[in-house]
Each structure stands twice: as structure tokens, then as C-alpha cells.
Amino acid sequence: MTLWDRNKESSFTGCGDPPFTVRDRRFIDACSWHDAAYSRGSWHQFNLSRYRVDRAFLEQMLQIADGKILPTTKAYLYYGIVRVFGGIWWEGR
């Protein structure tokens, strides 16, 4: 089982919280996984560091971007946003 498979534990799907809402549909699966990982009581909160969850998010987006310049740039931008502001929502270790 991969980190990505753990999303199946949660019915929560989303792409951020206002004002940090991503409207780029190409990353919906990656950001839904990331939001579920940040959900209170998630497996990720108890077993992984915030850094590891955020890095997995970046890796998923980079796979989706497939080396294309604009999507890759957006992936790093979204990653930067969660690294700077994600601590507000993170309750894990």
C-alpha cells in the first residue's frame, strides 16, 4: 500500500481552504489526497511528518505535470503554498 492509497480511508475530497483554493482541475486527485491527509484524525497525521505528506503531494503533482513547464511550475507553486501556510491546519507529529 502506498501513501496515496491511504486516501481511501477518508470520504473528504477538496482542493484547499479559502483563500488557498486550487482551481486547476488537473491536480484534483493530488490535492484531494493532500487535503485528506491533513484531515483531523487521518492515518497520515499519526504516522507521517507534515514534510513527508507535503513532499508526497509534490511528487504526485510532478507525475501529473509530466515535465510540462507550466504545470510543473504550478506544482512547485502549490507545494510552496502548503509549506508556508499548511502548518495552520496540520495537527500531526
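The values are calculated or read from the model by the stated rules, or taken from the named source; none is laboratory data. Computed from a predicted structure; not experimentally measured. Here Cβ is always computed from backbone atoms with ideal geometry, including for glycine, and neighbour counts include all displayed protein chains. Side chains are part of the model used for accessible areas, which takes the heavy atoms of the whole protein and leaves out ligands, DNA and RNA. Shrake-Rupley method; radii C 1.70, N 1.55, O 1.52, S 1.80 Å.
Side notes on the structure shown:
- Annotation: of all residues in the range 1-55 being among the hydroxyl-bearing types (S, T, Y) and at pLDDT 70 or above, the one that is surrounded by the most Cβ atoms within 10 Å (Cβ to Cβ) is Y38.
- From the list L62, L70, L58, the lone residue that is loosely packed, with under 15 Cβ neighbours inside 10 Å, over 12 Å from G92 (Cβ atoms) and aliphatic (A, V, I, L, M) is L70.
- Taking the criterion of being open to solvent by less than 80 Å² (accessible area, probe 1.4 Å) and either closer than 13 Å to R26 by Cα or out of contact with any strand residue (DSSP E or B) (no Cβ under 9 Å at 6 or more places or on another chain) (or both), the residues of the range 74-85 that qualify are K74, A75, Y78, Y79, G80, R83.
- Residues that are in contact (Cβ under 8 Å) with a residue 24 or more places away in the chain and over 22 Å from R50 (Cα atoms), drawn from the range 66-82: P71
- Checking each residue of the range 69-82 against the condition of being over 13 Å from the mean Cα position of the chain (by Cα) and assigned to a loop (DSSP other than H, G, I, E, B) gives no match.
- Looking only at residues in the range 56-78 that are of a type in the set (F, W, Y) and modelled with pLDDT of 95 or more, the one that is nearest to W33 (Cα to Cα) is F57.
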